[in-house]
Amino acid sequence: MINIDLTGKVALVTGGARGIGRAIALKLHEAGARVIVFDLDETGLNELKEITKEEVYKIDVSNFEEVQTISKIVLEKYEKVDILINNAGITRDNLVMRMNEKEWDMVLNVNLKSAFNMVKGFYRPMLKNRFGRIINMASVIGLMGNAGQANYAASKGGLIAFTKSVAKEFASKNITANAIAPGFIATPMTEQLTEANKEEYKKVIPLKRFGQPEDVANIVLFLSSQLSDYVTGQVINCDGGMIM
Ligand code: NAP
């Protein structure tokens, strides 16, 4: 029997209080890792803490200074982070013609700059221990673009390019970096879509349904484990066949 055992590993999930991030946090906890969560949703954070019995931090991951400050506190307590999942993300959809600077900046800062902030905050113990797993939550939109989502598509496309660069910079230290590109996953983020839109999207998904947060968490589990030791710089789609 193959068993994925992450006992002894410390994982950190951003945006882990709900949706895909919560499923990831629970999956890694189930596999034996100590799981720390950064998020803005205080209620979700407290619910998760009840389950994992580990630290949760209400923090804006797009804020460089805040991340560096909290990273010192986390590393003092846990001494290392082995598995870093940059999952926090937002949408502020609008056509480019109507999109304002704030909508552009917010999405780029939360979805892309946060990954830079987090890697800067936590790469040192990975280097020291010659082990690290960095997993960035991209999106199929970052591969294909989407009308009304230029900011989101640019942030996720940028995140994929960031992932590949980090993979190349850290490979010699046994630190891997990979991205996951989910399609439509049933979470509060996609709850905002109208029923009519959801039905339209399902038509272009070969599996004819939205994925579940757990489908994404399963890929994170694989990328966190030794089963993926020889995988780096990759984008793994989790989209019911939307892009192939
Ligand atoms: P979600 O349900 O909206 O959850 C995102 C979580 O991130 C929320 O708890 C949110 O907290 C938190 N967050 C937002 N901004 C933050 C910040 N600056 N600092 C810390 N935490 C922050 O989203 P999801 O659907 O699970 O998506 C998770 C990731 O997957 C995102 O990166 C998203 O782009 C990506 N993705 C999702 C789908 C999908 O279909 N759902 C598809 C492709 C990619 P607050 O709400 O309290 O601010």
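Every read-out reported here was derived from the displayed coordinates using simple, explicitly stated rules and does not represent laboratory data. For clarity, every value in this text was computed on a predicted model and none was experimentally measured. Here the Cβ is made from the backbone with ideal geometry for all residues, glycine too, and neighbour counts use every protein chain on show.
Results, tabulated for the structure shown:
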quantity	calculated
Angle between the chain longest axis and helix 213-224 axis [Cα atoms, degrees, rounded to 10]	40
Residue-wise HN-Hα coupling along the stretch 60-70, computed from phi with Karplus coefficients 6.51, -1.76, 1.60 (Hz; x: Gly, Pro)	8, 6, 7, 9, 4, 4, 4, 5, 5, 5, 5
Neighbour-limited loop hits for GluC sites (Glu not before Pro), the stretch 67-163 (at most 14 other Cβ within 10 Å; DSSP other than H, G, I, E, B)	Glu79
Of Ile219, Ile73, Ile24, the one that fluctuates the most in a GNM where the chain has Cα springs shorter than 10 Å	Ile73
The chain, relative contact order in percent, only Cα pairs under 8 angstrom and at least six apart counted	19
Exceeding the 31 Å Cα-Cα cut-off - candidates Lys9/Lys156; Lys49/Lys203; Lys27/Lys128; Lys72/Lys168; Lys77/Lys102	Lys49/Lys203; Lys77/Lys102
Amide H within-cut-off set for Ile134, under 5 Å, with H built and near neighbours excluded	Leu84, Thr176, Ala177, Asn178
Rough spin-label spacing in nm, given labels placed 7 Å along Cα→Cβ, for Leu127 and Asp60	2.9
Filtered trypsin sites (Lys or Arg not before Pro), the stretch 109-158: DSSP coil and at most 11 other beta carbons within 10 Å	Arg130
Point-charge dipole on Cβ atoms (K/R +1, D/E -1) for the chain, about Cα centre, debye to 20	660
